[in-house]
Amino acid sequence: MINNYAALSLGLFLELDAISHSDKEDIDKQVAIIAKLAGIDEQDVLELPLPAYAVLSADTDFLRHECPPATAPSRLICGDLSLVPTKDFTQITTAQYVDFQTFSKGGVAALPDLLSALLIPEGHKYNDGYDLEAVKTTVKELPLPAALGLSAFFFERLVASIQASLTSLEKAAKTASLTQRAKMQAVLETILRQVPGLGSSASTE
């Protein structure tokens, strides 16, 4: 029986999340979640003596608390794959950026896709010469704290990269022509719309 986040994989967490957001009655959700965490059938859960069921139910209490993210590792060894997190967002490809932006709008369910866009097998470039679906499968096996830590790390890098770009554009705008300044302002506004809450004091006036 899994009773802590460190032992809970991202893939299993997504299954539990789907159950908790389903239209099932609360008791049916609890039975389904216990079955997933215990690795048994729902019918087996229903046939348990009530005291045994109460013990398993208590073991799910950790799900009521926030999962603390782990520090993002510099490399992940998962089976035959050695995955390297993309750290320098100034060096990511356009395809990576577009996919990351797309998946970031997909919520929790899209975490495997989002992480697979920035966890690259060592010695490869994004989606070049390796099986992307295999990476997604591997990502689902990550402990949930590690997956959340990597997600937070990637978003922090993205915001830092965008802020650096904004600063660069602001400086360039001061000496640009009116036409160039108007184009830069449009770029700034587009970036700000893509990352809600980023904010900027950018001005080209």
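Points to keep in mind about this one:
- Summarising the label geometry, the points placed 7 Å from Cα in the beta-carbon direction at Ser161 and Glu133 lie 2.7 nm from one another.
- Take the convex hull of the alpha carbons in segment 100-167; its mean projected area over all directions comes to 5.1 nm².
- All other residues whose Cβ lies under 11 angstrom from that of Leu16 are scored, Lys and Arg at +1 and Asp and Glu at -1, for a net of 0.
- What the phi angles of segment 79-94 give under the Karplus curve with 6.51, -1.76 and 1.60, with θ = phi - 60°, is a coupling list of x, 8, 9, 10, 9, 10, x, 6, 9, 9, 6, 7, 10, 6, 7, 4 Hz, glycine and proline written as x.
- The alpha-carbon of Lys140 sits under 20 angstrom from the alpha-carbons of these aspartates and glutamates, leaving out residues fewer than 8 places away in its chain: Glu15, Asp17, Glu66, Asp80, Asp99, Asp113, Glu122, Asp131.
- Table column - 3J(HN,Hα) (Hz), segment 63-77, Karplus curve with 6.51, -1.76, 1.60, x for Gly and Pro: 5, 7, 10, 5, 7, x, x, 8, 5, 5, x, 7, 7, 10, 9
- A simple packing score, the average count of other Cβ atoms within 10 Å per residue, orders the peptides 11-23, 30-42 as 30-42, 11-23, with the highest score first.
- Here's how it looks for Ile120: its modeled amide H is under 5 Å from those of Val84, Thr86, which are all 5 or more places away or on a different chain.
- For the residue pairs Lys87/Lys136; Lys36/Lys105; Lys29/Lys105, the alpha carbons lie more than 22 Å apart in Lys36/Lys105; Lys29/Lys105.
- With Rh defined as the Kirkwood radius, the inverse of the mean 1/r over Cα pairs, the Rg/Rh of segment 5-64 is 0.94.
The numbers here are math on the coordinates, done by the rules we state, and not lab data. In this text the structure is predicted, and so the values were computed from the model without any measurement. Quick reminder, even Gly has a Cβ in these numbers, built from the backbone with ideal geometry, and neighbours come from all protein chains shown.
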